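The values are calculated or read from the model by the stated rules, or taken from the named source; none is laboratory data. Computed from a predicted model, the values in this text were never measured in an experiment. All Cβ positions, glycine included, derive from the backbone under ideal geometry; neighbour counts span all protein chains shown.
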Amino acid sequence: MFNKTHLIIGFFVAIFFIPDVKNKLIFFPVVMIASLIPDIDSVIAPKKDFKMLKPLKSKSYKDFMHSYTLCIILSALLAFFYPLLALPFFIGYSFHLFFDSLTVPGTTPFWPLKIKSKGFIVPGGKTEKIITLVLSFLSILLIFRYLF
């Protein structure tokens, strides 16, 4: 999925949970940032092919970054050192993984196990655009619901 779609997903999830959160100013940005972390390679060097960034483009790196194994490890580290950040980080990261597991390329959710999770959504396809539109609309509805 595109980064724009992951941002919309992160935005929707953050808005959905925000009424039940005490530290709203911390929760919201952490969910948004965490929703992009599995695709950090495309954020750092989206089009360029720098030699030193080549390991970030490898298949094993993608499998590692798109795994609940890493998500849980990073969330546990945050829970130990910065407990306030652990839950929003886990929520943003795990929703990214869930939606990527619905794509045709899929993910390896329990890396290092080779089990793949694949779906029907073609990245950049019509279904992804519909998901983006629906979640954008639902986000606006939630904002209005909380404000009025």
Scanning region 1-20 residue by residue, those free of Cβ contacts under 8 Å to residues at least 40 places away in the same chain and of a type in the set (A, V, I, L, M) turn out to be Leu7
Looking only at residues in region 32-82 that are small (Gly, Ala, Ser) and not in a helix (DSSP H, G or I), which one is modelled with the highest pLDDT?
-> Ser35
Return yes or no: is Ser101 modelled with pLDDT under 95, closer than 15 Å to Ala34 by Cα and of a type in the set (Ser, Thr, Tyr)?
-> no
For Ser94, indicate whether it is at pLDDT 95 or above, among the small types (Gly, Ala, Ser), under 30 Å from Leu25 (Cβ atoms) and in contact with a Cys (Cβ under 8 Å, 6 or more places away or on another chain).
-> yes
A careful count of residues in region 62-90 that are more than 19 Å from Ile18 (Cβ to Cβ), among the hydrophobic types (A, V, I, L, M, F, W, C) and surrounded by fewer than 19 Cβ atoms within 10 Å (Cβ to Cβ) gives 10
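Quick grid of which residues meet (1) of a type in the set (S, T, N, Q); (2) surrounded by fewer than 18 Cβ atoms within 10 Å (Cβ to Cβ); (3) in a helix (DSSP H, G or I):
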| site | (1), (2), (3) |
| --- | --- |
| His96 | no, no, yes |
| Leu113 | no, yes, no |
| Gly124 | no, yes, no |
| Leu135 | no, no, yes |
| Leu138 | no, yes, yes |
Unmet criterion (only one of (1) in contact with a Cys (Cβ under 6 Å, 6 or more places away or on another chain); (2) of a type in the set (S, T, N, Q); (3) more than 26 Å from Val21 (Cα to Cα)) for Ser101 = (1)
